[in-house]
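I have placed the structure first, in the form of structure tokens, so that the comments after it can refer back to it.
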Amino acid sequence: MRSQIEGSRAVAETVARCRPEVVCAYPISPQTHIVEALSVLVASGELAPCEFVNVESEFGAMSVAIGASAAGARAYTATASQGLLYMAEALYNASGLGLPIVMTVANRAIGAPINIWNDHSDSMSQRDSGWIQLYAETNQEAADLHVQAFRIAEELSLPVMVCMDGFVLTHAVEGIDVPSQEQVDAFLPPFGPQQVLDPDDPMTIGAMVGPDAFTEVRYLAHAKHLRALEVIPRVADEFATTFWRSSGGLVRPYGCLGADTVVVALGSVLGTVKDTVDELRAEGVSIGVLGLTTFRPFPYDAVRAALRGARRVVVLERALAAGMGGIVTADVCGSVPDKPITTVIAGLGGRPVTKKSLRGLLTDAVADRLEPLTFLDLKHDVVERELS
Amino acid sequence: MPVQRIKFYQTGSFAVGNRLLDPDQRSVQADTERTNSLTMGHRACQGCGEALGARYVLDAVMRATGNHAVTVNATGCLEVFSTPFPESSWRVPWLHSLFGNAPAVATGVAAALKAKGRTDVRVVGQGGDGGTVDIGLGCLSGMFERNDDVLYVCYDNGGYMNTGVQRSGATPHGAVTTTTPAGNSFRQGKSLPLIAMAHRIPYVATATVADLRDLEYKATRAMEFHGARYLHVLVPCPLGWRTASSETIQIARLATETGSFPVFEAVDGEVTDVTRIRRLRPVEDYLRPQGRFAHLFGDTPRGDVISSIQAEADRNIRTFGLVETTEVS
């Protein structure tokens with residue numbers, strides 16, 4: 001049923017309808033509203049059976065999720081920013097052990113300098129952790145992606161991160177259709193773990209693997225991600241059939257066909273980008289948008305297909321690899337190595353990405369006036385004073 | 001093949017490995033039906049105290065739970081020597097995740113079992129002293145504070161032995177490690193049993209591999225409680241302590257007989273029982289056989305360090321009442 005609720009609340013209610021059996025929580029902005037809401041649902045008995053564990057750190061949160069998942073429970077947690085980095089070691093462990101944990105990342109910048117506002121520095125820093133990464137464009141998609149995430153995770157025995165922009169989505173109140181229990185039950189079967197700690201059938205999980213087998217283990221992990229490239233769109237199609245709306249999948253082309261310029265982006269900024277592009281198209285500019293819903297595994301073929309007709313590509317990034325530039329750009333280059341690509345670093349640490357700025361930027365882009373690496377709305381006087 | 005019955009001759013004696021006791025009084029290890037949780041073929045060093053301790057603890061836990069226990073292991077010797085892929089020496093469900101998170105992973109397992117209504121299955125977390133008192137302390141303290149239904153066992157050999165004998169927070173005063181070449185500088189190391197007791201958890205106990213019957217008793221007793229429980233086992237390491245592999249039990253006994261390692265039980269944060277020292281010895285008797293303390297008895301004897309270690313042992317004796325009279329000469 002469609003109701004006016006906060007994004008975090010919608011995610012919490014959706015996660016509850018996925019019937020997690022263990023939820024671990026450690027507070028960090030802007031994720032906290034999600035686990036607060038879940039704690040109430042568990043305490044009231046609305047979400048049962050479920051154990052809600054208040055842990056002592058994010059490292060502990062992911063570790064509890066690892067133990068719960070290995071014991072055959074559907075496990076969920078949420079984090080952001082420093083918290084995601086604090087659990088980094090456990091992230092690699094969860095994917096290495098093939099545990100289908102689902103986690104919300106309420107995207108937020110990483111310090112220093114400390115900053116609680118939105119960008120993608122946190123999840124981008126964990127792009128090689130072996131987790132599937134899905135990015136929500138809207139709160140509706142954020143809710144929907146969680147239902148799909150459990151399906152994808154459990155089918156592949158891989159953990160999935162659902163990334164939603166902190167504050168911009170998590171704290172925004174809007175009309176959201178929270179999937180009903182009946183719909184979710186029809187879509188998401190109970191968790192049947194592929195490996196489980198069971199006294200009746202003792203199993204060793206997490207043995208030490210040496211040079212003789214480690215490469216093969218890693219190769220198989222890669223193969224699993226390649227399989228995810230087939231599973232993710234199939235699950236999105238099935239979702240559309242059950243829920244009568246389109247969410248998820250690998251990529252979302254918007255007016256890409258025949259467009260000379262295509263802007264590639266992830267997350268909530270896509271809304272502003274599309275509005276800007278609509279205006280430019282109305283003025284006769286040949287421009288389209290490619291939204292990346294799936295960032296890991298990177299959908300090389302889908303990106304290549306969507307960018308086939310483009311003469312130039314602009315990648316709008318919400319994170320920066322200092323000393324290198326755009327993180328997503330490097331992957332897009334892998335899809336279309338022969339096309340001119342410019343990187344735009346935008347919206348770091350919560351700086352608004354406005355239609356006005358985007359309009360100026362894209363006007364320069366279509367006229368080939370953009371530097372290969374551009375910082376949107378950079379206060380040049382400030383940095384030049386420091387650099388002089 | 002069925003176990004054969006043997007003609008009755010004599011019972012009621014602790015001799016010959018207490019096999020002459022009535023079956024229900026015998027040790028877990030005397031039982032041919034024991035789980036053998038950590039079975040043969042593992043790669044531990046000869047005389048490894050940790051391998052011995054872990055087998056006794058887990059076999060006792062398995063008997064106490066009717067073979068319904070799950071084990072979570074921290075990174076360390078115990079994990080490395082028992083599971084070189086594709087082999088495993090474990091005959092219990094066993095999960096290794098990371099160095100510093102075994103208590104939290106054990107919490108997760110316990111939470112999953114609770115959610116699934118599997119109250120018949122119990123959870124044991126285990127690790128060495130580095131994984132417990134240093135890198136895992138945050139997760140362990142959280143597990144204690146929440147009173148999660150987990151028995152956590154620390155096998156304390158006083159250092160990071162798996163990585164080549166470096167100092168840990170449990171390394172005793174004066175001990176040489178590869179990162180304290182002149183001898184560790186401060187007191188007896190972090191006392192995790194006391195830290196555990198400060199959390200007021202239902203059960204805390206210490207034990208050594210010198211008294212395996214006592215170790216079995218404490219592992220069994222721990223399973224009578226629900227909530228967070230902590231068992232701290234002193235396990236000599238021939239490699240790190242520079243002792244002969246045949247001396248493991250002897251050295252562990254000297255640790256208790258000198259007051260260096262108090263053996264006790266505590267319920268709800270209060271000491272309820274201590275193992276009294278029958279023949280109190282000076283700490284020198286414990287230190288001298290160990291190569292890691294050899295520098296204290298070298299060309300420049302370090303009487304000051306030995307006195308300081310003795311003072312710590314005396315403090316243990318006073319605090320825990322380890323001898324019948326509280327007066328110490």
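Considering only A:VAL262, A:LEU292, A:GLY360, the residue lying farthest towards the positive end of the dipole of segment A:251-387 is A:LEU292, judged by Cα position with unit charges set on Cβ.
For chain A, a Kirkwood hydrodynamic radius built from all Cα pairs, placed in the Stokes-Einstein relation at 10 °C and 1.306 mPa s, yields a translational diffusion coefficient of 74 µm²/s.
Is segment B:193-260 rounded, prolate or oblate when judged by the Cα gyration tensor, a ≥ b ≥ c being the square roots of its eigenvalues, rounded requiring a/c under 1.5 and prolate requiring a/b larger than b/c? Prolate, since a/c reaches 1.5 and a/b exceeds b/c.
Between A:ASP368 and A:MET1, what FRET efficiency follows from the Cβ-Cβ distance if R0 is 56 Å, with the result rounded to 0.05? Intermediate values should be presented prior to the final figure.
Working: r = 49 Å, r/R0 = 0.88.
Efficiency for this residue pair is about 0.70.
Computed from Cα atoms, the angle from the helix A:58-70 axis to the main principal axis of chain A rounds to 50 degrees.
Whole number please: convex hull volume per residue of the Cα set in chain B, in Å³?
Numbers: hull volume 47.6 nm³, N = 329.
About 145 Å³ per residue, rounded to a whole number.
Farthest toward the positive end of the dipole of the protein assembly as shown, out of A:SER247, B:MET40, A:PRO30, is the Cα of B:MET40, where the dipole comes from beta carbon charges about the Cα centre. Across peptide B:233-246, the average count of Cβ atoms from other chains found within 10 Å of a residue's Cβ is 0.
What full-extension length gain, to one decimal in nm, is calculated for B:THR32 and B:LEU194 as 0.36 nm per residue of separation minus the Cα-Cα distance? Don't jump to the answer; show the numbers that get you there.
On the way: separation 162, 0.36 × 162 = 58.32 nm, distance 3.63 nm.
Contour length minus Cα-Cα distance gives 54.7 nm.
For segment A:251-387, count the residues as N, evaluate 2.2 N^0.38 Å, and divide the Cα radius of gyration by that value, please. Provide the component values of the computation, followed by the final result.
Details: Rg = 14.2 Å, N = 137, 2.2 N^0.38 = 14.3 Å.
Output field value: 1.00.
Against the main long axis of the alpha-carbon atoms of chain A, helix A:269-282 sits at an angle near 30°.
First check a/c for segment A:188-270, with a ≥ b ≥ c the square roots of the eigenvalues of its C-alpha gyration tensor; if it is under 1.5, answer rounded, and if not, answer prolate when a/b is larger than b/c or oblate otherwise. Don't skip to the answer; put the middle values down first.
Working: a/c = 3.72, a/b = 1.75, b/c = 2.12.
It is oblate, given that a/c is not under 1.5 and a/b is not larger than b/c.
Largest first, the extents of the alpha carbon coordinates of segment A:1-107 on the three principal axes equal 39, 28, 23 Å. Residues of segment B:87-125 falling in the label zone of B:GLN166, defined by backbone nitrogen less than 16 Å from a point 7 Å along Cα to beta-carbon, are B:99-100.
Which chymotrypsin sites (Phe, Trp or Tyr not before Pro) from segment B:139-231 combine a DSSP loop assignment with at most 13 other Cβ atoms within 10 Å?
Working: sites: B:PHE144, B:TYR152, B:TYR155, B:TYR160, B:PHE186, B:TYR203, B:TYR217, B:PHE225, B:TYR230; in loops: B:PHE186, B:PHE225.
Filter output for segment B:139-231: B:PHE186.
Helix A:214-243 axis versus longest C-alpha principal axis of chain A: approximately 80°, rounded to the nearest ten. Fewest-first ordering of B:LYS218, B:LYS190 by other beta carbons within 10 Å of each residue's beta carbon gives B:LYS190, B:LYS218. Using only alpha carbons, segment B:65-138 has a radius of gyration to Kirkwood radius ratio (Rg to Rh) of 0.99. The dipole here belongs to segment A:251-387: it is taken about the Cα centre, uses +1 on the Cβ of Lys and Arg and -1 on the Cβ of Asp and Glu, and is about 300 debye.
State to the nearest 20 debye the size of the charge dipole of segment A:226-309 about its Cα centre, where the only charges are +1 on K and R beta carbons and -1 on D and E beta carbons. Let's see the in-between values first.
Numbers: 9 positive and 9 negative charges, 63 e Å.
The dipole of segment A:226-309 has a size of about 300 debye.
Rg of the Cα atoms in the protein assembly as shown, relative to 2.2 N^0.38 Å, amounts to 1.11.
Under the simplified labelling scheme, the B:GLN4-B:PHE297 pair shows an inter-label distance of 4.7 nm, with each label point 7 Å from Cα along Cα→Cβ. Restricting the chymotrypsin sites (Phe, Trp or Tyr not before Pro) of segment A:191-268 to loop positions (DSSP other than H, G, I, E, B) with no more than 16 neighbouring Cβ atoms within 10 Å leaves A:TRP244.
Projecting the Cα atoms of A:LEU370, B:ALA252, A:GLY271 onto the charge dipole of the protein assembly as shown (Cβ charges, centred on the Cα centre) puts B:ALA252 farthest toward the positive pole. Contact order, relative form, for chain A: 15 percent (alpha carbon pairs under 8 Å, 6 or more residues apart, mean separation divided by residue count).
Taking each pair of different alpha-carbon atoms in segment A:229-293 once, compute 1/r for the pair, average those values, and report the inverse of that mean as the Kirkwood hydrodynamic radius in Å to one decimal. Write out the running numbers ahead of the final one.
Working: mean 1/r = 0.0784 Å⁻¹.
Computed over segment A:229-293, the radius equals 12.8 Å.
For chain B, what's the relative contact order in percent, using C-alpha pairs closer than 8 Å and at least 6 residues apart?
Once divided by the residue count of chain B, the mean separation gives 15 percent.
Pop a pseudo-label 7 angstrom from the Cα along the beta-carbon direction at both A:LYS355 and A:MET203 and give the gap in nm to one decimal. For A:LYS355 paired with A:MET203, the spin-label model returns 5.3 nm.
Loop-located trypsin sites (Lys or Arg not before Pro) in segment A:187-268 (DSSP state other than H, G, I, E, B) with a sparse environment of at most 13 neighbouring Cβ atoms within 10 Å: A:ARG245. With a 10 Å cut-off around each Cβ of A:15-23, the average count of Cβ atoms from other chains is 2.
Select from chain B the helices, each a whole stretch of DSSP H, whose alpha-carbon atoms run 18 Å or more along the helix axis and whose Kyte-Doolittle mean is at least 1.0; answer none if there are none.
Numbers: long enough: B:49-64 (22 Å, 0.44); B:102-115 (20 Å, 1.30); B:303-320 (25 Å, -0.28).
Helices passing the filter in chain B: B:102-115.
Which FRET efficiency value, to the nearest 0.05, do you get for A:SER286 and A:GLN194 by plugging their Cβ-Cβ distance into 1/(1 + (r/R0)^6) with R0 = 41 Å?
On the way: r = 48 Å, r/R0 = 1.17.
Calculated transfer efficiency: 0.30.
Taking the Cα centre of segment B:23-320 as reference, the dipole from Cβ charges on Lys and Arg (+1) and Asp and Glu (-1) amounts to some 40 debye. Counting only residues at least eight positions apart within a chain, or on another chain, the lysines with an alpha carbon under 17 Å from that of A:LYS274 are A:LYS355, A:LYS356.
Out of every Cα-Cα pair that segment A:1-52 contains, those further apart than 17 angstrom amount to 29 percent.
Every number in this text was worked out from the coordinates using simple rules, so none of it is lab data. Bear in mind that the values here come from a model prediction, so they are computed numbers and not experimental data. Cβ sites come from the backbone with ideal geometry, for glycine too, and all protein chains shown count toward neighbours.
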